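The values are calculated or read from the model by the stated rules, or taken from the named source; none is laboratory data. All of these numbers come straight from a predicted model, not from anything done at the bench. Neighbour counts run over all protein chains shown; Cβ positions are idealised from the backbone, glycine included. Only protein heavy atoms, including side chains, enter the accessible area calculation; ligands, DNA and RNA are left aside. Shrake-Rupley method; radii C 1.70, N 1.55, O 1.52, S 1.80 Å.
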Amino acid sequence: MKTRYLLILVACLTACTTGPYQNTSVPNKSAPILFQGYASAAGAAITVAALNNSTGEQRTIATTVASSTAAVDSTGRSWYYWSTSVVLPRQGGFWQPDGASSSKASIITTIGNIQSYTFTAAQMTCTVQNLSAKGYAQAALDCGSTADPLVLLAPCDSKVTTVNAEMNGCYHVGTTANLEDFPFNRSYDLANGLQGVCHDDNNWFVTSAWRNLSGQQSRIAKKPVNVSFNEDNFLVYRSPYIDQGWRHPGDCDVYGGVVYVPLEPDEGFAGYNAIGRFNTSDLSYYPVMPIPVDSPQRARGDFPWMARNPKNNLWYSSKFNANELYVYAISGSSITYKGTVALPQTISRIQGGEFSPSGRLFLATDWNTGLVSLELGEGLGSTAAITQWHKINWVPGDEEIEGLTVWNLDDGRAPGIRGQVHVLMLDVGEVSNDDLYFKHMRVSPIDAL
């Protein structure tokens, strides 16, 4: 199995690192790793930062201070123990493959502005014994201690193929190409306020929320995949949840013959967020599922999307501006809040999300490049890794990214549409219909999806 490495720098006010040792194996990239060592001053500040080889960024991932209790070595010199538990970042740039089976990570400690040495227990004992005769630097060097990067080893995810494992966290990322929009600049009634898009094997489903003279409205609509998206001939239903207090649907997903739709009250009277459900065959609806009271998404608003991960059958969502994902288990009409998966950075203005068949999460956002893909960690409490920012052709401010769906349509069954990732974008009209631009992207090779 390929392995990958993380470059770590430990910078402090006169300190040394006694662990992890050289060539330490890290079996689980999401598990905390104990960094420890000794400083020559009580209360010395210790900072652990990860180096991104792609950007040169040194990201602080932990800080601590040395103990106030001295440990005196055989020469009478006082040392102050320090330790900190660190979870390493997982996204691309911090991890890079090195050969067929191993990767290295570096830890650099400094004493003031001078690079320190990394010790094993035996090297530390040897250095202390030779400190008076040789001085710190020469004793450390002669005892085999090194100021070179400390090597850490960690496995790639098992799903990574041996073909084209990228210099990006060992993830098989592939490349993304923008295809022609279809529809392009299309104005029809259903385009007004489009929010989400999802699919089953044979049909598109879309959700919308807009305002007319009667106030805020919402709809759900269906169209066979072999009928042109350019035509305004959807099977359209007014959302039954409006009358129950939920007026704003978000980006949807489909599983088991049911369309799952996140619902916010917005201008409605409901006191909490919920999930609406529609039968895929005729869009008949089921009672809402209230978001659990222990979920951070229970309160009104901030429930823009939901998507099922095919790898673990759990459902994920986030707030509009998010630094974590929320995880749910859904069985029939029962929903349970399970916990969180941290995001490596705040992602702003998230409008939609969906998983690929391999379990990669794509998020559509009115921010940055418009589309980002992530690999999730090894369980609840882990940290997701950004694998790629994908550039969508759009004009922030003038145009608005909405929901997305992941569907391989390179077989030609959808008129005018190809590719695997499909993102709704609107040019919102002030007095006229919104203009729809349906964005399509191809992921190559297809096994990187």
Complete set of residues in the range 195-210 that are modelled with pLDDT of 95 or more and either farther than 22 Å from Leu363 by Cβ or open to solvent by 10 Å² or more (accessible area, probe 1.4 Å) (or both): Gln195, His199, Asp200, Asp201, Asn202, Asn203
Neighbours by Cβ (under 9 Å, 6+ apart or cross-chain): first from the range 168-183, among the small types (Gly, Ala, Ser); second modelled with pLDDT of 95 or more and in a loop (DSSP other than H, G, I, E, B): Ala177/Gly419
Those strands (runs of 3 or more DSSP E) lying entirely in the range 362-449 with at least 3 residues of a type in the set (A, V, I, L, M): 370-375, 400-406, 421-427, 435-444
Per-region count, the range 398-435, residues open to solvent by less than 10 Å² (accessible area, probe 1.4 Å), in contact with an Asp or Glu (Cβ under 8 Å, 6 or more places away or on another chain) and not aliphatic (A, V, I, L, M): 5
Given (1) under 26 Å from the mean Cα position of the chain (by Cα); (2) of a type outside the set (D, E, K, R); (3) modelled with pLDDT of 80 or more, number of the condition Ile61 does not satisfy: (3)
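Give Leu426, Leu380, Leu404 a once-over and let me know the one that is within 16 Å of Glu354 (Cα to Cα) and touching a residue at least 24 places away in the same chain (Cβ under 8 Å).
Leu404
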Qualifying residue in the range 357-372 (condition: of a type outside the set (Val, Ile, Thr), open to solvent by 10 Å² or more (accessible area, probe 1.4 Å) and touching a Leu at 6+ places or on another chain (Cβ under 6 Å)): no
Yes/no for Phe278 being at negative phi and surrounded by fewer than 20 Cβ atoms within 10 Å (Cβ to Cβ): no
Verdict on Asn192 being of a type in the set (S, T, N, Q) and open to solvent by 40 Å² or more (accessible area, probe 1.4 Å): no
Odd one out for Pro27 among (1) farther than 24 Å from Leu141 by Cα; (2) assigned to a loop (DSSP other than H, G, I, E, B); (3) at pLDDT 80 or above: (3)
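Looking only at the range 68-86, how many residues end up being under 36 Å from the mean Cα position of the chain (by Cα) and surrounded by 14 or more Cβ atoms within 10 Å (Cβ to Cβ)? Don't jump to the end; show me each part of the working.
From the range 68-86, those under 36 Å from the mean Cα position of the chain (by Cα) are 81-86; that's our starting set.
With surrounded by 14 or more Cβ atoms within 10 Å (Cβ to Cβ) added as a condition, the list becomes 81-84, 86.
Adding up the residues that qualify gives 5.
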Restricting the range 334-381 to residues that are charged (D, E, K, R) and over 22 Å from Met289 (Cβ atoms), the residue that is modelled with the lowest pLDDT: Glu378
Sole exception among (1) open to solvent by 30 Å² or more (accessible area, probe 1.4 Å); (2) polar (S, T, N, Q); (3) assigned to a strand (DSSP E or B); (4) touching a residue at least 40 places away in the same chain (Cβ under 8 Å) for Thr346, by number: (4)
Strands (runs of 3 or more DSSP E) enclosed by the range 173-276 - at least 1 residues per element that are of a type in the set (Asp, Glu) and within 27 Å of Trp394 (Cα to Cα): 253-255, 258-264
Hey, Arg219 over 21 Å from Ile417 (Cα atoms) and open to solvent by 20 Å² or more (accessible area, probe 1.4 Å) or not: yes
Some residue of the range 284-300 being of a type in the set (S, T, N, Q) and crowded, with 19+ Cβ neighbours inside 10 Å: yes
Residues of the range 373-397 satisfying the condition of being of a type in the set (D, E, K, R) and open to solvent by 10 Å² or more (accessible area, probe 1.4 Å): Glu378, Lys391
